[in-house]
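Comments concern the structure below.
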Amino acid sequence: MIKKPFRQLAIDGDLVLKDATKEISRRLDQPTRRAFLQRSLSLGGLSLLSGCSLVDDSSVENALMTVSRFNDKVQAWLFDPNRLAPTYPDSMITRPFPFNAYYGEDEIRHVEEESYRLEVTGMVADKHAWTLAELRAMPQTDQITRHICVEGWSAIGKWGGVPFASFLRRVGADLSAQYVGFKCADDYYTSIDMPTALHPQTLLTLTYDSQPLPPRYGFPMKLRMPTKLGYKNPKHIQAIFVTNTYPGGYWEDQGYNWFGGS
Amino acid sequence: MANDTDLIHPLWVRLTHWINALAIVVLATSGWRIYDASPFFAFAIPREITLGGWLGGAIQWHFAAMWVLVGNGLIYLACNIVSGRLWRKFFPLSPRAFLADVLAAVKGRLSHVDLSHYNMVQRAAYLFVMVDSVLLVLSGLVLWKSVQFPILRELLGGYEAARREHFLAMAALVAFAAIHLLMVALVPRTLLAMIRGR
């Protein structure tokens, strides 16, 4: 007796989700962003598997999500904290480096330098908000690495900034926490595992190609990880938080793999 | 074991064959959708024959079916080697006999009286599929985890080269499947044998 209303509720939830995602995709005119649920079974032949009912679609979707969670674990296990992504000479930088976001270039966010503060919250000792000047005063490094997009293409770019591990140590982050989450000025959000956060090539970047990070590449700052796919690298970061509660992500919540490592 | 001699395909061959067929269909059709997200040739795959609906869905299908392909493939290879079937059925390979059999096949004179005996074209084709599948898995590993498998990545010429190799290996496998299905249509008894075992 308890089950029935629960299932009814779940279906309502799906409908709400469908409506919401429909609204979003209509507004952004991007057909690729309807809910995974609606689209995961569109192939003629294989849709037979689903019987085309909502419940069956959900169970297939759940099964695929379960495998995706399993793949997170496999990737965490495969991840070698000391293995470096290949680096390249200046001559191999892709010019122009492609712009990529969940919106078009005409919607690039412009963040004001003067009023900008980086919030740091969660399992950290020092929760003060950072100015850009403070971040620039920390020891900087740069690297030329390959950015691999989930779509398959790749491009080589040069990013400079603060090694994220030294930033996390500086703010007294609990390094045994599971996740580091990011909230961005363009309403993007994502989260990563602590071992990747501490990887030597994970950079809180402030520059691109030795110039201050331009808005199209995420001014004032982007987290750059050559060990993860592009969508795991947030731009326009406004808040960083350390947590043990799974924070998800903009694309991850729609079905992209959470670990997203390479 | 006595009636094993009557069997053309033992149960494990039939099971791994059909599981593999399912995995290949899912991997190829979802892989086409992934390719469409950023095609590197001058064409895209028609959306109607792809699986997953959108990139995220296609990736979920692809990265689930890969475990089926690898697990099933390892079981197949292990059984094939341990039972001695690999050497018995697929070797020796003779280039001269291969050409003769290709010629006979084109003329429609290739004998299929004894389905338990593979002619040279079959031997070469099935061995090719085994090698091609291994290449698909290895290039796929480089695409999935290019940083974590540096030796494999360099052997295959880097991430971008691995993308093309993965695609071409897929195309070769699909071409094999098309010819394979055509042959089955010409000699339908082979389909029965792969279902019933004899």
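Quick one: how many residues across the range B:140-182 are open to solvent by 50 Å² or more (accessible area, probe 1.4 Å) and either part of a loop (DSSP other than H, G, I, E, B) or at positive phi (or both)?
Result for the range B:140-182: 2.
For the range A:196-216, which residues satisfy the criterion of being touching a residue at least 60 places away in the same chain (Cβ under 8 Å) and either closer than 23 Å to B:V147 by Cβ or not assigned by TED's automatic domain parsing to the domain that holds A:A165 (or both)?
Of everything in the range A:196-216, those that are touching a residue at least 60 places away in the same chain (Cβ under 8 Å) and either closer than 23 Å to B:V147 by Cβ or not assigned by TED's automatic domain parsing to the domain that holds A:A165 (or both) turn out to be A:T196, A:L198, A:H199, A:P200, A:Q201, A:L203, A:L204, A:T207, A:Y208, A:D209.
What's the total number of residues in the range B:43-64 that are within 7 Å of another protein chain (Cβ to nearest Cβ), in a loop (DSSP other than H, G, I, E, B) and over 13 Å from B:A28 (Cβ atoms)?
Within the range B:43-64, residues that are within 7 Å of another protein chain (Cβ to nearest Cβ), in a loop (DSSP other than H, G, I, E, B) and over 13 Å from B:A28 (Cβ atoms) number 2.
Counting only residues that are part of a helix (DSSP H, G or I) and without any contact (Cβ under 8 Å) to a residue 24 or more places away in the chain, which one in the range B:183-198 is surrounded by the most Cβ atoms within 10 Å (Cβ to Cβ)?
Looking at the filtered set, the residue picked out is B:M183.
Determine, yes or no, whether B:A162 is touching a helix residue (DSSP H, G or I) at 6+ places or on another chain (Cβ under 8 Å), modelled with pLDDT under 95, more than 17 Å from B:H17 (Cα to Cα) and not aromatic (F, W, Y).
no
Restricted to the range B:38-49, and to residues that are under 22 Å from A:Y102 (Cβ atoms) and within 24 Å of the chain's Cα centre (by Cα), which residue is most open to solvent (accessible area, probe 1.4 Å)?
B:R47
List, please: which pairs have Cβ atoms under 8 Å, are six or more places apart or on different chains, and start with a residue in the range A:77-88 that is in a loop (DSSP other than H, G, I, E, B) and end with one that is acidic (D, E) and open to solvent by less than 90 Å² (accessible area, probe 1.4 Å)?
A:F79/A:D193
Could you check B:L77 against (1) farther than 19 Å from B:R163 by Cβ; (2) over 20 Å from the mean Cα position of the chain (by Cα); (3) more than 10 Å from chain A (Cβ to nearest Cβ); (4) open to solvent by 30 Å² or more (accessible area, probe 1.4 Å) and say which number it fails?
The failed condition is (2).
May I ask you to verify whether A:A137 is among the hydrophobic types (A, V, I, L, M, F, W, C) and either free of Cβ contacts under 8 Å to residues at least 60 places away in the same chain or away from every other protein chain (no Cβ under 14 Å) (or both)?
Yes.
Somewhere in the range B:90-97, is a residue within 23 Å of B:P39 (Cβ to Cβ), basic (K, R) and either open to solvent by 50 Å² or more (accessible area, probe 1.4 Å) or assigned to a helix (DSSP H, G or I) (or both)?
Checking the range B:90-97: not a single residue is within 23 Å of B:P39 (Cβ to Cβ), basic (K, R) and either open to solvent by 50 Å² or more (accessible area, probe 1.4 Å) or assigned to a helix (DSSP H, G or I) (or both).
Residues that are out of contact with any helix residue (DSSP H, G or I) (no Cβ under 8 Å at 6 or more places or on another chain): find the strands (runs of 3 or more DSSP E) completely inside the range A:111-198 holding 3 or more of those.
Hits in the range A:111-198: A:119-122, A:141-148, A:154-163, A:179-184.
What strands (runs of 3 or more DSSP E), lying completely within the range A:199-262, carry at least 2 residues that are surrounded by fewer than 24 Cβ atoms within 10 Å (Cβ to Cβ) and either within 12 Å of chain B (Cβ to nearest Cβ) or of a type in the set (S, T, Y) (or both)?
Qualifying strands (runs of 3 or more DSSP E): A:203-208.
Might you check whether a residue that is closer than 14 Å to A:Q238 by Cα and surrounded by fewer than 17 Cβ atoms within 10 Å (Cβ to Cβ) occurs anywhere in the range A:134-154?
Checked against the condition, which is being closer than 14 Å to A:Q238 by Cα and surrounded by fewer than 17 Cβ atoms within 10 Å (Cβ to Cβ), the range A:134-154 yields no hits at all.
The values are calculated or read from the model by the stated rules, or taken from the named source; none is laboratory data. Every value quoted in this text rests on a predicted model; they were computed, and no experiment measured them. Cβ atoms come from the backbone with ideal geometry, glycine included; neighbour counts cover every protein chain shown. Protein only, heavy atoms only, side chains kept; ligands, DNA and RNA dropped before computing areas. Shrake-Rupley method; radii C 1.70, N 1.55, O 1.52, S 1.80 Å.
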